[in-house]
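The values are calculated or read from the model by the stated rules, or taken from the named source; none is laboratory data. No experiment lies behind these values; they were computed from the predicted model shown. Because the Cβ atoms are built from the backbone with ideal geometry, glycine has one as well, and the counts that use them run over all protein chains shown. Areas reflect the complete protein model, heavy atoms only, side chains present, ligands, DNA and RNA absent. Shrake-Rupley method; radii C 1.70, N 1.55, O 1.52, S 1.80 Å.
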Amino acid sequence: MKGFAQRALVSDVLPWLRKQAVALEQESTPLHKLQGRVLASDVTAPIDVPSFDRSAMDGYALLADETEGASLYNPLTFILSGESLPGSAFDGQVTTGTAIRIMTGAPVPGGATCVVPAEHATESEGIISVSQAVPHGKHIGRRGEDIAAGQRLLTTGRSLRPQDVGLIASLGLAEVPAVRKPVVRLVVTGNELAQPGGTLLSGQIYESNSVMIASLVARDGGVLDSPPPYLPVPDSRDAIASELIRPGADLILVSGGSSVGTEDHAPSLVAELGTLDFHGIAVRPASPSGIGRINDTLVFLLPGNPVSCLCAYDLFAGEAIRRLGGHASAMPYPRQATQLAERITSSIGRVDYCRVQWTDASQQRVTPLAISGASILSSTTRADGFVIVPADLEGYPAGADIEVLLYDVSAHQQDNGP
């Protein structure tokens, strides 16, 4: 074994990665799969919405001019001549002295110029008494008042929210082009790993990286090429190689065996089967990380230590998955400006991923939490977020103004108040 002769700078790794991880091709995507996807072409309205004049109230459709002078002391009467319901329009015209019972969302019958709300009218034996004057056009939703045919509603590159998908459905579109979701293969290596729920033998640890990574992949818009559980792959060159060369993945995440030990086979296999563009990166934790390619597939070597694995995913692999799916590069963590209660020490040339914790419920200051100890996964659950110390700084002094990337802002607010 030998250590790393040198480590690549994060400032060199990220530009290379961004050139490699470009958005995948588009595919026609049905409505029920659009949530969170990135739109691959503009959505233009093919119809008016609504496509007809409709009632905004339950009440009676009639001629507005004929309600002039109506009041509680001077109710005006009309003959009920029909009914208009949602999906069942009145087939006729509103004429002088007549009214049509109408429900919210129902088509406004021809000739009608207003809708009198039900609370301002009474009905008895086919006669409608109106006790309030209603102006022309009142309580009528006009055709196209929401959306006009030909209007551009959503633009290419938009990450679709639930309300966006609802809007697309309201146009009568069953599917639209979206960027294809990247297919991710998860390869967890290690003879020492036992499956959760199974018996833990002497010298073994329970495998935890796969479920953590799987959740992160889903968050970032990727889809795993096989369902859980993710069985560990033996520390065997043949076993690991078969996973690396098996077709079907846009990106491969190898957890464990990323360093330079005798059982760390993944780096040399990636170099043999493709190119190992980076191995050893100046970042703490996660310095044994590696990145390469096998044919058109990006391969990320994530350290087996859980915190290092999370750090490498956040800094490199997560961004690649987001970019392949057409999403923005930035880490999807809420950010909050605050002050540092205790200093963070780093080294020039190295990026530090430092877990921090709020000092109190005021959210005014944070303190570093276990900045060493790459195997202490519980430190990430105690942490409220993390701070990125750039490579050109030797750290931050106590009292420095910093930006925290929050693991879960909603949970923190729930615990400590809004």
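Observations on the model:
- Unmet criterion (only one of (1) under 30 Å from residue 328 (Cα atoms); (2) in contact with a Pro (Cβ under 8 Å, 6 or more places away or on another chain); (3) crowded, with 18+ Cβ neighbours inside 10 Å) for residue 102: (1)
- Segments classed as strands (runs of 3 or more DSSP E), wholly inside segment 110-194, with at least 3 members that are more than 24 Å from the chain's Cα centre (by Cα): 114-117, 121-124, 127-130
- The condition of being open to solvent by 30 Å² or more (accessible area, probe 1.4 Å), over 30 Å from residue 41 (Cβ atoms) and in contact (Cβ under 8 Å) with a residue 24 or more places away in the chain holds for only one of 236, 215, 170, that being 236.
- Candidates 195, 163: the one that is open to solvent by less than 70 Å² (accessible area, probe 1.4 Å) and farther than 20 Å from residue 248 by Cα is 195.
- Pick from segment 257-313, criterion open to solvent by less than 10 Å² (accessible area, probe 1.4 Å), within 26 Å of residue 247 (Cβ to Cβ) and touching an Asp or Glu at 6+ places or on another chain (Cβ under 8 Å), ranking: modelled with the lowest pLDDT: 258
- Within segment 348-361, considering residues that are open to solvent by 50 Å² or more (accessible area, probe 1.4 Å) and in contact (Cβ under 8 Å) with a residue 12 or more places away in the chain, the one farthest from residue 13 (Cα to Cα): 361
- Any hit, segment 1-10, residues being surrounded by fewer than 19 Cβ atoms within 10 Å (Cβ to Cβ) and touching a Leu at 6+ places or on another chain (Cβ under 6 Å): no
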